[in-house]
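Step one of this worksheet: look at the structure below.
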Amino acid sequence: MGNGSSFEQIKTIYLDINGKEEKIIFSRHSTPLEIHELIAQAAGVNKHSTISLRDKNGAHVAVSPTMPVNSAQNPYKVVTREPPPATDNDAFQAVLTHVAEQLNRLVKVDELKTNFNARLTSLEKRMELEGLKAVEIEKCKSEISYIRDQLWNAQKKYVDFNRLRPIMTSGSCDHFFSSLSDERKIILKRDIPTYPKYTLSQETVDYLKQPTFDIWHWEPNEMLSLLEHMYHELGLVEEFNINPIVLKRWLLCVQENYRNNPFHNFRHCFCVTQMMYGMIHLCKLWERMTTEDLGILLTAAVCHDLDHPGYNNTYQINARTELAIRYNDISPLENHHCAVAFQILSNPETNIFAYVDKDTFKRIRAGITMLILATDMARHAEIMESFKEKLAAGFDDKNKEHLDTLKMVLIKCCDISNEVRPMEVSEPWVDCLLEEYFNQSDREKIEGLPVAPFMDRDKVTKPTAQIGFIKFVLIPMFETVARVFTQIDEVMVQPLKNAKDRYEEMKSIEEAQKEAKKALSQNH
């Protein structure tokens, strides 16, 4: 094994120490310091001694895990020199030098990144090679996660205090939760009511029901008032006997628990909910569903991305985050959104369903959970196939399974409906989404995780990001829904086709400009 290639996990090196043959064995992941100490131990000298190795030709060999393997017939000659006795002044100078080096390392981001990467690699290899005990593994994982967070924060040049958490110390059994934990206490940070009651004009009331509604012109307090209006206008306040003050408090608490991500933020929540409200009116869903069903649809839309961290399920699973571990890699984000939603509803001060009976609440909880979990795009094919099968068999409004599938498809439509809206409303969302994608792919590159091509800033453009998505996901889905609600064809499917044509034209222009630039550079 010792005479194999330098890529083997374990290396054996033969030494000649004052005419006596010795050998050392170490992992290729060992540090030079660890190998130095092994040689010092074999030579019987102080570990602080100066040690040099020479081959049979007298050439110096670097003490490192990559040193060439040798044989008993060609050992490395070990030359040692004891360190001079240290004086108090030497010790003091050594401490000062060490402190200076540490301070210098802290202020240099590049050195910090290198240090963290080396430490991370060392920890991961220790777990892989040494088979640590369960408790030790958990401690290592905790430290690795902490290092990754610190590395990312150093790269971003600012500290994300939401993600800071202590490293578990030996013997500690205390539980701690990062900002990605649905077990943290959700509290309302503002008194109620704190946003003014807006008097909505009839023009705004009518406009709010349209898929063309421009969601960019509204401040957060105005969005809260518009959401409040939806609950009153659809009769949900009466249906669930909601206390109007509790409704305000609930909406504020929901707003507080959306993060300030480029895309998955409170405005996205409002955007999706407004589209659901528009579809309820466009399709006259009250003719096919109960008011309870409408309340489930609207509330699921409001809560569908609660506490989204800005990094998708693929990242959670590949990075082995707390959420991925908690939910066994099965829709970790969507499960988290549900958990946060019902954590908020578990507080009497923010429970809009406090006055419904147990059976009704059980149906509401099951319905909201079903709809939020349906927003995981990993389930897109499964849900659409189920919907098509029911359409082929003859869609039945009275069949609960048929109606549940329709509701899942409706929230999916609303969640990814931006391209249905006019270009001036939809295009800024593409910029927001790409910014969030690029943030994730940058982090994945630093952490050595797989990077999806459609998230890589070096590979994707706005038209390439949208053309395939509109062509193969949005248009087929909305066309399928149009088989139940024919009015969708003109109001939603046609705008999607127009958007696809626009992005294809944009792509052609970009490619032509690229070719012209290339030709120009070749001529010069």
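The values are calculated or read from the model by the stated rules, or taken from the named source; none is laboratory data. All values reported here derive from a predicted model rather than from experimental measurement. Every residue, glycine as well, gets a Cβ built from its backbone with ideal geometry; the counts of neighbours run over all protein chains shown. Heavy atoms of the whole protein, side chains included, go into the accessibility calculation; ligands, DNA and RNA do not. Shrake-Rupley method; radii C 1.70, N 1.55, O 1.52, S 1.80 Å.
Keeping to segment 186-213, report how many residues are of a type in the set (Ser, Thr, Tyr), touching a Leu at 6+ places or on another chain (Cβ under 9 Å) and at pLDDT below 90. Don't jump to the end; show me each part of the working.
First, the residues of segment 186-213 that are of a type in the set (Ser, Thr, Tyr): 194-195, 198-199, 201, 204, 207, 212.
In the following step, the residues that additionally are touching a Leu at 6+ places or on another chain (Cβ under 9 Å) were identified as 194-195, 198, 204.
Next, only the ones that are at pLDDT below 90 stay: 194-195, 198.
The qualifying residues number 3.
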Please work out if Ala324 is without any contact (Cβ under 8 Å) to a residue 12 or more places away in the chain, open to solvent by less than 10 Å² (accessible area, probe 1.4 Å) and under 21 Å from the mean Cα position of the chain (by Cα).
-> yes
May I ask you to verify whether Ala378 is over 21 Å from the mean Cα position of the chain (by Cα), over 19 Å from His268 (Cα atoms) and open to solvent by 50 Å² or more (accessible area, probe 1.4 Å)?
-> no
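Conditions (1) modelled with pLDDT of 95 or more; (2) of a type in the set (A, V, I, L, M); (3) open to solvent by less than 70 Å² (accessible area, probe 1.4 Å), marked per residue:
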| residue | (1), (2), (3) |
| --- | --- |
| Arg457 | no, no, no |
| Val460 | no, yes, yes |
| Leu474 | yes, yes, yes |
| Phe478 | yes, no, yes |
| Val484 | yes, yes, yes |
| Val493 | yes, yes, yes |
| Asn498 | yes, no, no |
| Asp501 | yes, no, no |
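Looking for whichever is under 23 Å from Lys412 (Cα atoms), in contact (Cβ under 8 Å) with a residue 24 or more places away in the chain and either open to solvent by less than 20 Å² (accessible area, probe 1.4 Å) or in contact with a strand residue (DSSP E or B) (Cβ under 9 Å, 6 or more places away or on another chain) (or both) here; the options are Leu333, Leu373. Which one fits? Explain how you work it out, then say what you get.
Values: Leu373 fails: either open to solvent by less than 20 Å² (accessible area, probe 1.4 Å) or in contact with a strand residue (DSSP E or B) (Cβ under 9 Å, 6 or more places away or on another chain) (or both).
Testing whether each residue is under 23 Å from Lys412 (Cα atoms), in contact (Cβ under 8 Å) with a residue 24 or more places away in the chain and either open to solvent by less than 20 Å² (accessible area, probe 1.4 Å) or in contact with a strand residue (DSSP E or B) (Cβ under 9 Å, 6 or more places away or on another chain) (or both) leaves just Leu333.
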Looking at (1) in contact (Cβ under 8 Å) with a residue 40 or more places away in the chain; (2) among the aliphatic types (A, V, I, L, M); (3) not in a loop (DSSP other than H, G, I, E, B), which is the one condition that is false for Ala366?
-> (1)
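Take segment 253-289 and flag every residue that is farther than 20 Å from Ile372 by Cβ and among the hydrophobic types (A, V, I, L, M, F, W, C). So that I can check it myself, show each step before the final result.
Taking segment 253-289 first, the residues farther than 20 Å from Ile372 by Cβ are 260, 262, 281-284, 286-288.
Of everything in segment 253-289, those that are farther than 20 Å from Ile372 by Cβ and among the hydrophobic types (A, V, I, L, M, F, W, C) turn out to be Leu282, Cys283, Trp286.
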State which residue is nearest to Val78 (Cα to Cα) when the search covers only segment 14-36 and only residues that are at pLDDT 85 or above and charged (D, E, K, R).
-> Asp16
Whichever residue in segment 243-299 is closer than 30 Å to Asp396 by Cβ and out of contact with any helix residue (DSSP H, G or I) (no Cβ under 8 Å at 6 or more places or on another chain) and, among such residues, is least open to solvent (accessible area, probe 1.4 Å) = Gly278
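Conditions (1) among the hydrophobic types (A, V, I, L, M, F, W, C); (2) within 51 Å of the chain's Cα centre (by Cα); (3) surrounded by fewer than 18 Cβ atoms within 10 Å (Cβ to Cβ), marked per residue:
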site	(1), (2), (3)
Arg28	no, yes, yes
Asn46	no, yes, yes
Ser49	no, yes, yes
Lys56	no, no, yes
Ala59	yes, no, yes
Thr66	no, yes, yes
Ala72	yes, no, yes
Lys77	no, no, yes
Glu82	no, no, yes
